[in-house]
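Down below is the structure, laid out as structure tokens.
The values are calculated or read from the model by the stated rules, or taken from the named source; none is laboratory data. Quick caveat: nothing in here was measured; it's all calculated off a predicted structure. Glycine also receives a Cβ, built like all others from the backbone with ideal geometry; neighbour counts cover every protein chain displayed. Accessible surface areas use protein heavy atoms only, side chains included; no ligands, DNA or RNA. Shrake-Rupley method; radii C 1.70, N 1.55, O 1.52, S 1.80 Å.
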Amino acid sequence: MPALVLLGAQWGDEGKGKATDLLGGSVDYVVRYQGGNNAGHTVVVGDQKYALHLLPSGILSPGCTPVIGNGVVVDPSVLFSELNGLNERGIDTSRLLISGNAHIITPYNVTVDKVTERFLGKRKIGTTGRGIGPTYADKINRVGIRVQDLYDESILTQKVEAALDGKNQLLTKVFNRRAIETDQIVEELLTYAERLRPYVADTVLLLNKALDDDKVVLFEGGQGTLLDIDHGTYPFVTSSNPTAGGACTGSGVGPTKISKVIGILKAYTTRVGAGPFPTELLDEDGEALRRIGHERGVTTGRDRRCGWFDAPIARYATRVNGLTDFFLTKLDVLTGWDEIPVCVAYEIDGRRVEELPYSQTDFHHAKPIYETLPGWSEDITKAKTFADLPKNAQGYVKALEDMSGAPISAIGVGPGRDETIEINSFI
Ligand code: GDP
Ligand code: IMO
Ligand code: MG
């Protein structure tokens, strides 16, 4: 039975939260498999708006079990404040499950993230400052702290000591900061243990059993394809694998179980933080996209950089994720332009290049080659079927589909759950 992956096809903020929420009523489990509270997923239900950072968007669907998989990095203080916030709004969060193998974002990881960025100066990545990179670095360096470590004080103390050994050298000798005490960290981490306990589970066993029992499991990616540590615009990326393969390693479910991979694709492009962005608009059009699309970061409140749609990026996302479908979002934001440019290829040092170049130098030099599509002025936010869209909006969607390499199976025409045109069913 189906395991579906839903992930960002661009640089994040494509509307993954809305898409997950839309499917929430038809799935049994929603699983986050990578990233942490660097994500900001907005879900609008009726007149209520929710901003989720660490919790899977399925937490808002009664009957759906939200799961934080082993590939996620968890900041317990953020987790509890998110849970408290939802409880105060009457949302039942008791179904949540957290992998005992998920890594913990410790206070020193947050400190190292912030001081590293400051140290990099104008070469900084523009991270969210949530300790994501240093926590994954500790995981790979085998000095990470996992959720299960909170239940063995002796092991926890040894591990924190090992992690701080090198870090304190760095903090005091390179970054000119005070050393961090092991006891203080252990004490803080132990205060989270009891409240976390009821959520901690063997999520690998549970998810595989659920699939054996014909349950439907949806994997919700954080970030996006071009922020992937392997396949993104390195080094201007996050420190995990949002691409489809990450759903397997980050949950312990094998690739043979996955039947659909849905790429969430914005009808234009945005990016937060530093790094190359060929179709970026530094003019009035960019300002208009930001204003009309409310393109401001959910996590850090930073303005998002905005630009036209980039087809080589969409084709790349199809390829590296094996996408079976696209969910095109925010088509309504493009209403009102007479003509809409779409990047179909790049010019790189005088050559026409059809696909995303693998070389960082080439991508930095890439200039968009645009084709211009006719726009529309009719309000499309009430459209329920593809046929309800004006002819030019239909043409825009069809052109994007032809360029992107996978069928567009749903179209977002507003932030609300019901502001969606469903073309092919996902489940
Ligand atoms: P995520 O990180 O991929 O979940 O996306 P974000 O929540 O960071 O950003 C997407 C924003 O667009 C949110 O404010 C959503 O409410 C909003 N949104 C999602 N789909 C649509 C759509 O089809 N139209 C409009 N106008 N807004 C949308
Ligand atoms: P959602 O899930 C957009 C960006 C940061 C920075 C880079 C590295 O809402 O789509 P990090 O803190 O992860 O080490 O920062 O990645 N970034 C995102 N950009 N949407 C996100 O999440 C992001 N999560 C991280 O801005 O450029
Ligand atoms: Mg977001």
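General observations
- Anisotropy class of region 103-197 from Cα gyration tensor, a/c 1.5 cut: prolate
- Counting only DSSP beta bridges whose two residues both lie in the chain, roughly 40 percent are antiparallel.
- Residues residue 425 and residue 81, FRET efficiency given R0 of 41 Å [Cβ-Cβ distance, rounded to 0.05]: 0.65
- Per-residue HN-Hα couplings for region 303-313 [Karplus 6.51, -1.76, 1.60; θ = phi - 60°; Hz; x = Gly/Pro]: 4, 8, 6, 10, x, 6, 5, 10, 5, x, 5
- Taken as Cα centroids, region 288-364 and region 204-229 sit 26 Å apart, rounded to the nearest whole angstrom.
- Summarising the strand pairing of region 22-172, around 45 percent of its internal DSSP beta bridges are antiparallel.
- If you count Lys pairs in region 112-215 whose Cα atoms are under 20 Å apart, skipping same-chain pairs closer than 8 places in sequence, the total is 9.
- Considering only 361, 270, 116, the mean-square fluctuation computed in a Gaussian network model of the chain, springs between alpha carbons under 10 angstrom, is largest for 361.
- Using θ = phi - 60° in the Karplus curve 6.51 cos²θ - 1.76 cosθ + 1.60, the 3J(HN,Hα) couplings for region 57-66 round to 4, x, 4, 8, 9, x, x, 10, 9, x Hz; x is entered for Gly and Pro.
- Amide hydrogen neighbours beyond the local backbone of residue 269, cut-off 5 Å, H modeled: 307, 308, 309
- Within region 85-136, trypsin sites (Lys or Arg not before Pro) in DSSP loop having at most 12 other beta-carbon neighbours inside 10 Å: 89
- Accessible-area rank, largest first, for 427, 125: 427, 125, with all protein chains present and a 1.4 angstrom probe.
- Cα-based shape type of region 128-280, given that a ≥ b ≥ c are square roots of the gyration tensor eigenvalues and the cut on a/c is 1.5: oblate
- Amide H to amide H, with H built 1.01 Å from N, residue 340 comes under 5 Å of 373, 375, counting only residues 5 or more places away or on other chains.
- Among 231, 41, 294, the order of accessible area from largest down is 294, 231, 41, computed with a 1.4 Å probe on protein heavy atoms.
- Of 326, 386, 119, the one that fluctuates the most in a GNM where the chain has Cα springs shorter than 10 Å: 119
- Across 141, 37, 392, mean-square fluctuation computed from a Gaussian network of the chain (C-alpha pairs under 10 Å connected) peaks at 141.
- Computed [θ] at 222 nm, helices only, for the chain once each DSSP H run of length n ≥ 4 contributes -39500 (n - 2.57): -9500 deg cm²/dmol
- The charge dipole of the chain, taken about its Cα centre with unit charges on the Cβ atoms of Lys, Arg (+1), Asp and Glu (-1) only, comes to about 700 debye.
- Shape category assigned to region 17-72 from the gyration tensor of Cα positions, a/c cut at 1.5: oblate
- These residues, 391, 215, 330, 18, go from largest to smallest accessible area, 1.4 Å probe, as 391, 215, 330, 18.
- Surface accessible to a 1.4 Å probe, per residue, for the residues of region 103-197, Å²: 57
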